[in-house]
1. Test A:Arg97 against the criterion of being of a type in the set (D, E, K, R), within 11 Å of another protein chain (Cβ to nearest Cβ) and closer than 20 Å to A:Gln68 by Cα, and give yes or no.
2. Answer yes or no as to whether B:Phe21 is closer than 30 Å to A:Val49 by Cβ and buried (at least 18 other Cβ atoms within 10 Å of the Cβ).
3. When you scan the range A:191-202, do you find a residue that is of a type in the set (Lys, Arg) and surrounded by fewer than 16 Cβ atoms within 10 Å (Cβ to Cβ), even just one?
4. Report whether or not A:Thr168 is of a type in the set (Ser, Thr, Tyr), within 14 Å of another protein chain (Cβ to nearest Cβ) and either assigned to a loop (DSSP other than H, G, I, E, B) or surrounded by 15 or more Cβ atoms within 10 Å (Cβ to Cβ) (or both).
5. Filtering the range B:8-66 down to residues that are farther than 28 Å from A:Asp87 by Cβ, part of a loop (DSSP other than H, G, I, E, B) and of a type in the set (Ser, Thr, Tyr), which residue is farthest from the other protein chains (Cβ to nearest Cβ)?
6. Going through the range A:50-88 one residue at a time, which ones are more than 7 Å from chain B (Cβ to nearest Cβ), in contact (Cβ under 8 Å) with a residue 40 or more places away in the chain and among the hydrophobic types (A, V, I, L, M, F, W, C)?
7. Condition test on A:Ala148, is it more than 20 Å from A:Ala204 (Cβ to Cβ), hydrophobic (A, V, I, L, M, F, W, C), within 21 Å of the chain's Cα centre (by Cα) and assigned to a helix (DSSP H, G or I)?
8. Please tell me if A:Gly208 is over 21 Å from A:Thr29 (Cβ atoms), of a type outside the set (A, V, I, L, M, F, W, C), touching a helix residue (DSSP H, G or I) at 6+ places or on another chain (Cβ under 6 Å) and assigned to a helix (DSSP H, G or I).
Amino acid sequence: MKEIKERTIDNDLFNVGGKTLTSRLFIGTGKYASDDIIPEVCEHTGACVITVALRRVDFNSKTDNVMQHIPKHMQLMPNTSGARTADEAVRIARLARAMGCGNWIKIEVITDNRYLLPDGYETVKATDILVREGFSVFPYINPDLYVARALVNAGASAIMPLGAPIGTNRGLRTEEMINILIEEIDIPVIVDAGIGKPSHACMAMEAGADACLVNTAIATSENPTLMGKAFADAVNAGRRAYLAGQAVARQLASASSPLTGFLS
Amino acid sequence: MLVTINGEDINFNKSITIENFLKEKDIDTDAVVVELNKQIIPSEDYKTTYLSNKDILEILRFVGGG
């Protein structure tokens, strides 16, 4: 019996975007005090997927190339950050693909500078175009059921609902809405943004999310390598709890020890 | 000839290829993607693509992001 359960966990691969992943923790490359630590974080998290952004080369400053820190085996997930419309997202996606690192793209279309909330309408439009062009599209969204359904219809590889605004570390503020998406949407649900602590990631995975993307909480911790490992453990724990099927919550006590054979 | 490169207007005395411009700026061609007037230029064409007056050139690369 024990053996069977262990095997279930070992075989718990995540198929998404035409790839088979051995980790359900996706990580980012933003905000590290030094990018030199990125390889170590990759190793300790066991992450298979890593995000990057596309920006203009600055001719006046000789900065590090982030790509030199990313292990070759990892699946790159460029984002379209900076895009304010579907057309801009499509343009960035095409440029990112021309870099020759695969066809995955995380759609971010944001016009709101205060909360960095994604524009669902433009995101659906961009997804529709990019799926037709052969991209594996991972849209960052508000956890909205109708937007999620439109993305399924457009052929998105997964949806990436936010737990809280980007970089806030406030946790699963949208928990109820994410639970609805998990219940209703048949493509993978990857919780992105706002996850500040391993327990937040664990909670999302327990609820049945397929994966979590964590950047700020790892990158800006005092020890990103150790925090990365903590997140990997939390994602695994939550996933195992989900697969195990949770015990029923009750209002009243239910004795764990037999209620017979007491000493008199 | 005036070319807008990454949002900055740059004057050139004579025509120049994308490849030569990248070399001049010491940019590794494998680490960037180039867009000329909103058209992506394949790296094998850097050598033969000359910049023209009023061109808009974008040279981009991957950076850290979430």
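The values are calculated or read from the model by the stated rules, or taken from the named source; none is laboratory data. Everything numeric in this text was worked out from a predicted model, so none of it was measured. Cβ: placed from backbone, ideal geometry, glycine included. Neighbour counts: every protein chain shown.
1. Considered against the rule, which asks whether it is of a type in the set (D, E, K, R), within 11 Å of another protein chain (Cβ to nearest Cβ) and closer than 20 Å to A:Gln68 by Cα, A:Arg97 comes out as yes.
2. no
3. No, the range A:191-202 contains no residue that is of a type in the set (Lys, Arg) and surrounded by fewer than 16 Cβ atoms within 10 Å (Cβ to Cβ).
4. yes
5. B:Ser15
6. A:Ile70, A:Met77, A:Ala83, A:Ala86
7. Here the answer is no, as A:Ala148 does not meet what is asked.
8. So A:Gly208 fails the test.
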